[in-house]
1. Each residue of the range 132-141 in turn: what ³J(HN,Hα) in whole Hz from Karplus with 6.51, -1.76, 1.60 and θ = phi - 60°, glycine and Pro shown as x?
2. Once amide H atoms are built 1.01 Å from N in the peptide plane, which residues 5 or more positions from Glu230, or in another chain, come under 5 Å H to H?
3. For every helix of n ≥ 4 consecutive DSSP H residues, a contribution of -39,500 (n - 2.57) applies; sum these over the chain, divide by its total residues, and give [θ] at 222 nm rounded to the nearest 500 deg cm²/dmol.
4. Residue by residue, what Karplus-based ³J(HN,Hα) values in Hz, rounded to whole numbers, does the range 227-238 have, using 6.51, -1.76 and 1.60 with θ = phi - 60° and x for Gly and Pro?
5. How many percent of DSSP beta bridges within the chain run antiparallel, rounded to 5?
6. Give me, ordered by chain and number, the residues 5 or more places off Thr51 or on other chains with an amide H under 5 Å from its own placed amide H.
7. Students often get this wrong, so check it: of Lys165/Lys241; Lys27/Lys165; Lys121/Lys165; Lys121/Lys210; Lys5/Lys121, which have C-alpha atoms separated by over 20 Å?
8. Would you mind finding the longest exposed-site-free stretch of the chain, with exposed GluC sites (Glu not before Pro) meaning DSSP loop and at most 14 other Cβ atoms within 10 Å?
Amino acid sequence: MPSKKALVRRPSPRLAEGLVTHIEREKVDADLAVEQWEAYVEALRTHGWETIEVDPADDCPDSVFVEDTVVMYRNVALIARSGAESRRDETIGVEEAVASLGCSVNWIWEPGTLDGGDVLKVGDTIYVGRGGRTNAAGVQQLRAAFEPLGARVVAVPVSKVLHLKSAITALPDGTVLGRIPQLDAPSLFPRFLPVPEESGAHVVLLGGDKLLMAASAPKTAELLADLGHEPVLVDISEFEKLEGCVTCLSVRMRELYA
């Protein structure tokens with residue numbers, strides 16, 4: 001049976017100090033961010049997800065973006081090693097959480113670097129962005145961890161955005177959503193749907209036709225609704241100021257063994 005568990009992590013009080021690389025820094029309202037995070041978590045729960053709160057990492061400004069700390073494939077958790085050295089302590093707590101769920105735990109080792117936000121799974125195909133936060137050694141180690149389990153790993157160049165999943169995610173049928181100007185190699189994706197808004201490239205599959213999306217992408221939500229999907233909109237404006245999106249704020253675990 002598929003599982004519906006999601007790791008989440010409460011925003012650090014130092015959230016406003018989070019890293020910004022491809023956009024201009026804006027003032028972050030930390031109190032509003034907490035409210036938005038709670039609404040995001042509630043949206044997951046409302047749609048049948050059991051949320052598991054990882055221990056806070058208050059000294060790590062970006063720790064709310066828990067997706068970057070680990071990559072899941074089936075029952076295997078690959079603990080990331082960020083290309084941003086200041087983010088490496090974020091994996092503390094995440095290791096404990098995935099181990100407590102019965103996962104087999106592996107690690108990215110030096111000189112490899114990898115952020116979970118650079119990894120998009122479409123069935124048994126794993127697209128991994130090779131860019132600012134994930135290097136060639138990290139891609140190689142991810143391939144070594146998951147290809148023996150039946151995955152096909154495809155490396156994708158990333159230079160225009162922070163992470164691969166800053167530019168693309170995928171619909172339940174495997175169609176990849178994205179914005180052409182943000183992609184280095186759109187031809188790598190066999191089925192591709194361009195979207196009208198930057199944040200429209202980000203969806204979390206809630207189950208069935210339901211898609212968790214940012215409220216900042218109303219045109220894309222309308223497009224996807226016309227195609228038979230059911231958008232569930234959440235306001236994540238404070239996290240978007242730090243290059244975050246709906247995928248960054250949780251780790252969805254769909255294939256845990258019973």
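The values are calculated or read from the model by the stated rules, or taken from the named source; none is laboratory data. What you see is a predicted model; the values in this text were computed from it and never measured. In this analysis, Cβ positions are derived from the backbone assuming ideal geometry, glycine residues included, and neighbour counts consider all displayed protein chains. The accessibility values were calculated without ligands, DNA or RNA, using every heavy atom of the protein model including side chains. Shrake-Rupley method; radii C 1.70, N 1.55, O 1.52, S 1.80 Å.
1. For the range 132-141, the Karplus-derived couplings read x, 9, 10, 9, 4, 5, x, 4, 4, 5 Hz, x marking Gly and Pro.
2. Here Lys210, Leu211 satisfy the definition.
3. Mean residue ellipticity, 222 nm, calculated: -5500 deg cm²/dmol.
4. Once θ is set to phi - 60°, the couplings for the range 227-238 become 8, x, 8, 10, x, 10, 9, 10, 8, 10, 4, 5 Hz.
5. Details: 18 of 40 bridges.
For the chain, the DSSP antiparallel bridge percentage is about 45.
6. Those lying under 5 Å, H to H, from Thr51 are Ala6.
7. Numbers: Lys165/Lys241 16 Å; Lys27/Lys165 24 Å; Lys121/Lys165 10 Å; Lys121/Lys210 18 Å; Lys5/Lys121 17 Å.
Pairs exceeding 20 Å: Lys27/Lys165.
8. Looking at the chain, 27-254 is the longest stretch - no exposed GluC sites (Glu not before Pro) with at most 14 other Cβ atoms within 10 Å.
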